[in-house]
Amino acid sequence: MKIKLLILVLLATTAQASWAQMEKGSWFLRGNAGINYSSNHYAMDDNSLTSYPISNRSFKTYTLSPGLGYMLRDHWMVGVEGIFKRHRFDSEYIPDEFNERLDGQYLTSTGFGVFGRRFFNLEKNFQIFVETGIGMGGYTSERNRVNNNDIQKEDENYREYEADLAIGIHYRILKNLSIEMNMPLMGFSASETKSRQNSLNEWQQISSTQTFSFKFGSDFQLGINFIF
């Protein structure tokens, strides 16, 4: 009986100590990884209007986001994170039933962001949270274009600014270790692409877009946190 009572006391003490780690002043060293996938199909009945009347495109983005969070108040966290993305673009063009063309391209972009999070306790080691953040990132690529047997060097610069709202679940495995999953609900992004040829200093804008989207179900991230 005394042994059982001692075990219960130890468990209660451990649980109380672990929740102290979630209070004001705690630090979270986190690493999140995620994937986003989208695709579209395009077809035209009149083949005379385009050389590729049927096309299929898919876009995959793999994300790695290491970050550092600080419990500013009980249940309130703020932090910074790095953003590393690997983009995969695949295209399939079918001009007719006898021909097919496949294209693929990889791009890597990097950036950083800041975030804020509000925890809501459900059980002793289980919580849900709402998180919002803003970030910026992009890439600079270099490639050669052939124009009338003349090879021209072209640089391309891409920048993107994002803001989103996400929800997630957080589960405490050990005193200093937890896992989580979060899923964006909605987001806003603005991007701009510029290019220059032959290493000239004059950048020319190619495209500029602004997008507001609902992301529920199209993107998610899994993460692990070290709490100290």
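The values are calculated or read from the model by the stated rules, or taken from the named source; none is laboratory data. Every value quoted in this text rests on a predicted model; they were computed, and no experiment measured them. Ideal geometry is used to build each Cβ from the backbone, glycine not excepted, and the neighbour counts take in all protein chains shown. Areas reflect the complete protein model, heavy atoms only, side chains present, ligands, DNA and RNA absent. Shrake-Rupley method; radii C 1.70, N 1.55, O 1.52, S 1.80 Å.
Okay, residues lined up against (1) surrounded by fewer than 16 Cβ atoms within 10 Å (Cβ to Cβ); (2) of a type outside the set (A, V, I, L, M, F, W, C); (3) farther than 19 Å from residue 126 by Cβ:
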position	(1), (2), (3)
156	no, yes, yes
162	no, yes, yes
168	no, yes, no
171	yes, yes, no
184	no, yes, yes
189	yes, yes, yes
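On the stretch given as region 170-228, residues that are charged (D, E, K, R), closer than 28 Å to residue 129 by Cβ and over 17 Å from the mean Cα position of the chain (by Cα) total 2.
Could you pull out every one of the strands (runs of 3 or more DSSP E) wholly within region 43-135 that has 1 or more residues that are modelled with pLDDT under 90, open to solvent by 70 Å² or more (accessible area, probe 1.4 Å) and in contact with an Asp or Glu (Cβ under 8 Å, 6 or more places away or on another chain)?
Qualifying strands (runs of 3 or more DSSP E): 54-73, 99-123.
Residue count for region 191-218 under the criterion of being surrounded by 15 or more Cβ atoms within 10 Å (Cβ to Cβ) and either of a type in the set (A, V, I, L, M) or more than 25 Å from residue 140 (Cα to Cα) (or both): the result is 1.
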